[in-house]
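Worksheet: the structure to be examined is printed underneath.
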Amino acid sequence: MGQGVYTALAMLVAEEVGADWSLVAIEPAPRHPLYANRAIGLDGLSGMPGFLKGAARWAVREAAQSYGLQMTGGSTSVRAFWEPMRQAGAIARVQLCKAAARQWGVDWRDCDTEAGQVIYNDRTVSFADVAASAATMSADQPLDLRPREARRLIGRSVPRLDLPGKIDGSARFGADVRLAGMLYAAVALVDRTPATLKAAAAMPGVRHVVEQPGWVGVCAQTWWQAHQAARTLETLRAPVDAGLDDAAIQTRLEAALGAMLASDDPQEVRARYALAATAAAPLEPLTATARVTDDAAEIWAPTQSVTLAAWAAARALDISDKNVTVFQTLVGGGFGRKIEVDAVTMAALCARAANAPVQLLLTREQDMALQGVRQAVLADMSGQLSEAGTIAAWRGVSPASPPPAACWRARCRT
């Protein structure tokens, strides 16, 4: 998503295995319970009573593992995989050292790794030369991880692994996917069957029109042709009184919080912080490409969760999620929006109806209209300083608005 996780997680493995950073390459992890993010959801337990928190944390972790929930979000990636990634690198290091040691006739414990080589005194051998043999070696548990003072990568600034492709244009994002015989789909958001449905289906380049509750998908030879036809299908909606705007939300939050009390204590520091309700608004609108057969589907999408994308396609097509393969492309900004699966559901249904691969792209306006917004928050923070200038005590009070939901979204996710 551009926040550096590709590089950060690779650094954890490379550190322990002793890899040459200039030779490290990365690819998205396939869908597998091994890559479940066990830290997702833990931050939501912060307000829980202490006597329940331990059990709740265990339950959240076990649920994520049981369902194989692969997800990037909440700044949890490094927290979730700090130990597993380093353990994986350490296992590989031990295997490589054992393979080289057997070749040299020495104790593997006297070997080390650095810059893509196994080292024993003045002897060196590249990882490539012992990799096949190393794959047959076992690694005893528990493993010794590198101590802080021996780290060469963690805590240092290194070149990001995803930047070269983004600079030279070779990086593949969601809309860069190309499949043989692929059609392109645009969407019209509707509240009733459009009277112009037949006319839209007869427009240049249009191959299929897919009607679903709340939306109509138009599949055509080019996305522009699909978009032009979809524009004729948008139905007028009655104005909706949301009942709230930013000013009203702010007023209610201030009423819940009350006036900030003044303090004459020079050792006490007080501040109030406000955050308005905000849309994620990533640069890249939602998009997905789908290829569907009778009982299986392939999905290409810039998603923050291959698990949720697979579940969405399976629900829409009424097939087992085990028969859905998700290929994760680079994400043009996420901020939580790419956890949503609107485009995956739409693309899967359009591909099934068209009997051809379909790439669906929402417009910027549709993407903004369909996403929920982050909660508005108002916070009073106060802290007491000790004579030494350290924090002796602090208190925080933070009312928040309920997260506004896009009412259309529930209809989209079958």
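Read-outs throughout are calculated quantities, based only on the coordinates presented, and are distinct from any laboratory measurement. Predicted model only: the values in this text are computed from it and were never measured. In this analysis, Cβ positions are derived from the backbone assuming ideal geometry, glycine residues included, and neighbour counts consider all displayed protein chains.
Placing unit charges on each Cβ (+1 for Lys and Arg, -1 for Asp and Glu) gives segment 65-136 a dipole about its Cα centre, and among Leu96, Trp82, Gln65 the Cα reaching farthest toward its positive end belongs to Gln65. Taking each DSSP H run with n ≥ 4 as -39500 (n - 2.57) and averaging over every residue of the chain yields -10000 deg cm²/dmol at 222 nm. Per q in 0.13, 0.14 1/Å, what log10 I(q)/I(0) does a Debye calculation on the alpha-carbon atoms of the chain return? Per q value, in the given order, log10 I(q)/I(0) is -1.20, -1.27. Over all pairs of different C-alpha atoms, segment 85-174 has a mean inverse distance whose reciprocal, the Kirkwood radius, equals 15.0 Å.
Under the convention that each Lys and Arg Cβ holds +1 and each Asp and Glu Cβ holds -1, the size of the dipole of the chain around its Cα centre is about 720 debye. In the chain, taking the dipole from charged Cβ atoms about the Cα centre, the farthest positive-side position among Ala353, Ala36, Phe173 is held by Ala353. Here the gap between Ala393 and Leu163, fully extended at 0.36 nm per residue and compared with their Cα-Cα distance, gives a gain of 78.5 nm.
With R₀ fixed at 51 Å, the C-beta to C-beta distance from Ala255 to Phe173 puts the FRET efficiency at about 0.70.
Evaluate the charge dipole of segment 172-414 about its Cα centre and quote only its size in Debye, nearest 20, assuming +1 on the Cβ of each Lys and Arg and -1 on the Cβ of each Asp and Glu.
With only Lys, Arg, Asp and Glu charged at Cβ, the dipole is about 860 debye.
Residues considered: Leu96, Leu330, Leu23. Largest GNM mean-square fluctuation over the chain, using C-alpha springs under 10 Å, is found at Leu23. Please find, in a Gaussian network model of the chain (springs between Cα atoms separated by less than 10 Å), the residue of Ile391, Ile339, Ile91 whose mean-square fluctuation is greatest. Its mean-square fluctuation being the largest, the pick is Ile391. Kirkwood radius and radius of gyration were both taken over the C-alpha atoms of segment 1-119, and their ratio Rg/Rh is 1.10. So for the chain, averaging the separation of alpha carbon pairs under 8 Å that are six or more residues apart and normalising by length, what relative contact order in percent results? With pairs under 8 Å counted, the relative contact order is 16 percent. Put simply, when 191-199, 69-77, 129-137 are sorted by average Cβ atoms within 10 angstrom per residue, most first, you get 69-77, 129-137, 191-199. If you plug the beta carbon distance of Ala195 and Asp246 into 1/(1 + (r/R0)^6) with R0 = 45 Å, you get a FRET efficiency near 0.75. Taking Val125, Val94, Val397 as the candidate residues, the one with maximal mean-square fluctuation in a Gaussian network model of the chain, Cα springs under 10 Å, is Val397.
Secondary structure note: in the chain, about 85% of the DSSP beta bridges are antiparallel. Based on C-alpha pairs under 8 angstrom that are at least 6 apart in sequence, segment 172-414 has a relative contact order of 25 percent.
With r defined as the distance between the Cβ atoms of Arg231 and Thr293 and R0 fixed at 30 Å, what FRET efficiency is calculated, to the nearest 0.05? Mind dumping the intermediate values first?
Values: r = 31 Å, r/R0 = 1.05.
After rounding, the FRET efficiency stands at 0.45.
Over every pair of different alpha-carbon atoms in segment 172-414, take the mean of 1/r and invert it; report that Kirkwood radius in Å. Evaluated on segment 172-414, it is 20.4 Å.
A straight chain from Ala56 to Val377 at 0.36 nm per residue would run longer than the Cα-Cα distance by 113.1 nm.
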